[in-house]
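The values are calculated or read from the model by the stated rules, or taken from the named source; none is laboratory data. Bear in mind the structure is a predicted one, so any value in this text is a computation, not a measurement. Counting neighbours? That spans all protein chains shown, and the Cβs are built from the backbone with ideal geometry, glycine included. Quick note on the areas: whole protein, heavy atoms, side chains included, nothing else; ligands and nucleic acids left out. Shrake-Rupley method; radii C 1.70, N 1.55, O 1.52, S 1.80 Å.
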Amino acid sequence: MRTWLVVSLLALVTLVLVVLSVGTGDYELTPAEVLRTLAGQGTKAQYLVVTGRLPRALVAVLVGVALALAGAVFQTVTRNPLGSPDIIGFTTGSATGGIVMILLVGAGPGLVAAGAIAGGLLTALVITALCAPHGLLSSRLVLIGIAVSAVLAGVNGYLLVRAKLEAAAQAVGWLTGDLAGRDWTYFVPLVLVVVVLAPFVFAHAPALRMLEMGDDAATAVGVAVPRVRGTLLLLAVALAAAATAATGPIPFVALAAPQLARRLTRRPGPNLAASAAMGAALVVAADYLGQRILSSSLLPVGVVAAALGGAYLIWLLVSSRGRVRAA
Amino acid sequence: MVQIAERVTPRPAGVRTLVLTVAVLALAAVVLLSIGFGSNRISLGGVLHGLFAYSGTFDDVVIRDDRLPRTLLGVAVGVALGLAGALLQAIARNPVADPGLLGINHGAAVAIVVGTAVFSVDSAGQLVWFAFGGALAGTVLVALIGGATSPLRLVLAGVAVQAVFVGVNQGMQVINTHNLDRMRAWLVGSLVNRDLGGLAGLLPFFLTGLVLAAILARPLNTVALGEDTARGLGANPALVRVTGMVAVGLLSAVATAACGPIAFVGLMIPHVVRALVGPDERWVLPLSALLGPVLLLGCDVLGRLLGSPGEIQVGVMTDVVGGLAFVVVARRLKAVRR
């Protein structure tokens, strides 16, 4: 009951933020004007503004959902609050794929996205292969992920140093995670990925809950542990890679959204719906703030997400002094 | 949280002495390699001439003014990183702990960005102090937020502080491309073109870190027996951890200020050392200090060879080599499930 209350509230918050965000920019619209235009009763100019900005907000929602679901799956499977895709290197892999396309191929957004997805999947494959002889033991996965992530970070740094300043600036812009200029061409592939993959994740929610109890317990209630875990991780990697492809890596959403959702719903377990709603709210909020904080320049969503996410974790640690199991 | 147990057993004294001897020899060898190899081929005789019979020939200048300072810097930074990593892992009781993990590098990066953007500092000698201050501030912040008592909180605090720093940093880079140009060069980590005169001011901090590490070796052994046992033996675990964090902060700040963020030396070396000599900190700390520069200089030489006619920066090499080696180590670890 509480879960659904939380989900509806978060969805409402997201909706409000989307409306506010669509009204924000050089040409300001009031929320009422945005709603009226969406209902088909705005002026032609308003219509153009709203439809111009709408995909950006919707991409933000989808990216949040995708990252949060990926984070929830990873944290549950690895049984580790730090075991989210951004920490264990899959997003670094996507980043490498993306900037290889930008810096070495000089490619446009489509190929950058393809590179990001390929990079994420390839990294996942390598990490899984390296874990393989002993199975995907949670702590080993995190360790090897951190190691592979560092190798890739080195490669990324080297590519940036070698590149011309202009190309490097473009790559850094993408690496920061930005929603500027995300139009329908970004929205369409992303929505396809999320709409196809997310239901599969939700269908596995019961199995995921069992996995959290431990492999033995899950096996005992009839979960085919290796197959289910493999499927779920593959889905999560694909979701995270698709999100990264659309905006560049946005930090902390995959890490924080499931944790925040758990706190709000006061329920253990993966909390998939609440995590997804929280992820959407977080990304949309970060993007809205980024457009509002400074009047002179727009802050990319990734910067705001990093600062907010970090500040949240710090607050969490400070406020829970004495209790060892923070987060 | 990551919980890892290593298959580490105490080793007989003979093995330790052997390891120590090999480590000293390896350090000597890598120092010679670092001075001897480069884009200019200089014979062994030429190297010795440049070192001991300096007469101002071109080769002499290359040896004395380019390779020797670079090598010395590499040794100092390697010692600092190896020790900082070993201390941190002992304090956090977490073999994944690495100075880089605690937001130290990124604290330095933010300070450098602020230095260039806000205070218009341009000289390397002055930026070193911004880097040092930032790195130290990052460590202090992490230690304050994480508290000195719990290893888990320490790591989480590192992740959190680092995220805020990275966010601020990237924001400044996106807004100002001049920062980007400076930062991307600094952020890879390199031993090239460092102004040794400007770095000399860091020496007292480096030495303080070394002394603290030496003092801490025995108390860290006691603390490793567990909180209660340590208190029973008259040790003060909280004091040991706080002092240890001060040493970690000083050593990694010096290293980061001197040559940019270098990851993995602090993560890798203590692992290798513990596998070789067992868990006794009185052996782990000095051997980490000896082998840190072996890895760092080795990577630097490798970067010069692989990248010729140019070079691959040592920070990139340590990331790749250290990362790959760490994969091997991680695969050999025995994982403990909660």
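Assorted remarks:
- Dipole of the protein assembly as shown computed with +1 at Lys/Arg Cβ and -1 at Asp/Glu Cβ about the Cα centre; of A:Ala203, A:Ala311, A:Phe90, farthest Cα towards the positive end is A:Ala203.
- Surface/4 of the Cα convex hull for the range A:80-180, nm²: 6.6
- In nm, spacing of pseudo-spin labels at B:Val140 and A:Tyr27 (7 Å Cα→C-beta vector): 5.1
- Mean shadow area of the protein assembly as shown over all directions, Cα convex hull, nm²: 30.9
- Residue among A:Val301, A:Val284, A:Val194 with the largest mean-square fluctuation in a Gaussian network model of chain A, springs linking Cα atoms under 10 Å: A:Val194
- When shorter helices are ignored and each DSSP H run of at least 4 residues is given -39500 (n - 2.57), the per-residue value for chain B at 222 nm works out to -24500 deg cm²/dmol.
- Rounded to 10°, Cα long-axis angle of helix A:109-131 versus longest principal axis of chain A: 10
- Residues listed by number, the range A:172-200, amide nitrogen under 19 Å from A:Arg227 label point at 7 Å toward C-beta: A:200
- Acute angle (nearest 10 degrees) that the helix A:225-247 long axis makes with the longest principal axis of chain A, alpha-carbon atoms: 20
- For chain A, adding -39500 (n - 2.57) for each run of n ≥ 4 DSSP H residues and dividing by the number of residues yields -25000 deg cm²/dmol at 222 nm.
- Test item: Cα-centred dipole of the range B:268-326, Lys/Arg +1 and Asp/Glu -1 on Cβ, debye: 80
- GNM result for chain B, Cα springs below 10 Å: residue of B:Gly260, B:Gly197, B:Gly103 fluctuating most strongly: B:Gly197
- Degrees between helix A:138-162 axis and first principal axis of chain A (Cα, 0 to 90, nearest 10): 40
- Rounded to the nearest 0.05, the FRET efficiency derived from the C-beta distance between A:Arg263 and A:Ala203 at R0 = 22 Å is 0.30.
- Normalised by the number of residues in the range A:72-124, the average gap of Cα pairs under 8 Å and 6 or more apart makes the relative contact order 36 percent.
- Compactness relative to 2.2 N^0.38 Å, alpha carbon Rg of the range B:172-275: 1.41
- Normalised per residue, the volume of the convex hull around the Cα set of the range B:25-70 (Å³): 68
- Label-to-label distance for B:Asp181 and B:Leu306 is 2.9 nm, based on points extended 7 Å past Cα in the beta-carbon direction.
- Only Cα pairs under 8 Å and 6+ residues apart enter the sum, and on that basis the relative contact order of chain B stands at 32 percent.
- Size of electric dipole in the protein assembly as shown: Cβ of Lys, Arg +1 and of Asp, Glu -1, about Cα centre, debye, nearest 20: 1760
- If you run the Gaussian network model on chain A, springs between alpha carbon atoms under 10 Å, then out of A:Arg229, A:Arg162, A:Arg79 the most flexible one is A:Arg162.
- Over the range A:114-234, relative contact order from alpha-carbon pairs under 8 Å, at least 6 apart, %: 11
- For the range A:116-227, Kirkwood radius (reciprocal of mean inverse C-alpha pair distance, Å): 17.6
- For chain A, with all protein chains in place and a probe radius of 1.4 Å, 70% of the accessible heavy-atom surface sits on carbon or sulfur.
- Excluding ligands, DNA and RNA, the accessible surface per residue across the range B:239-291 is 21 Å² with a 1.4 Å probe.
- For chain B, radius of gyration divided by Kirkwood radius, i.e. Rg to Rh on alpha-carbons: 0.98
- The Rg/Rh ratio of the range B:227-323, with Rg taken over Cα atoms and Rh as the Kirkwood radius over Cα pairs, comes to 1.10.
- Pairwise label distance in nanometres, B:Thr57 with A:Ala45, each label 7 Å out on the Cα-Cβ vector: 8.0
- Compared with the direct C-alpha span, the chain from A:Arg162 to A:Thr128 gains 9.2 nm at full extension, assuming 0.36 nm per residue.
- Look at the stretch A:304-313: the mean tally of other chain Cβ atoms within 10 Å of its residues' Cβ atoms is 6.
- Debye equation applied to the C-alpha atoms of the range A:15-139, log10 I(q)/I(0) at 0.19, 0.20 Å⁻¹: -0.99, -1.03
- Size descriptor, Kirkwood hydrodynamic radius, that averages inverse alpha-carbon separations across chain A, Å: 20.2
- The range A:174-213 and the range A:1-34: distance between their alpha carbon centers, rounded to Å: 20
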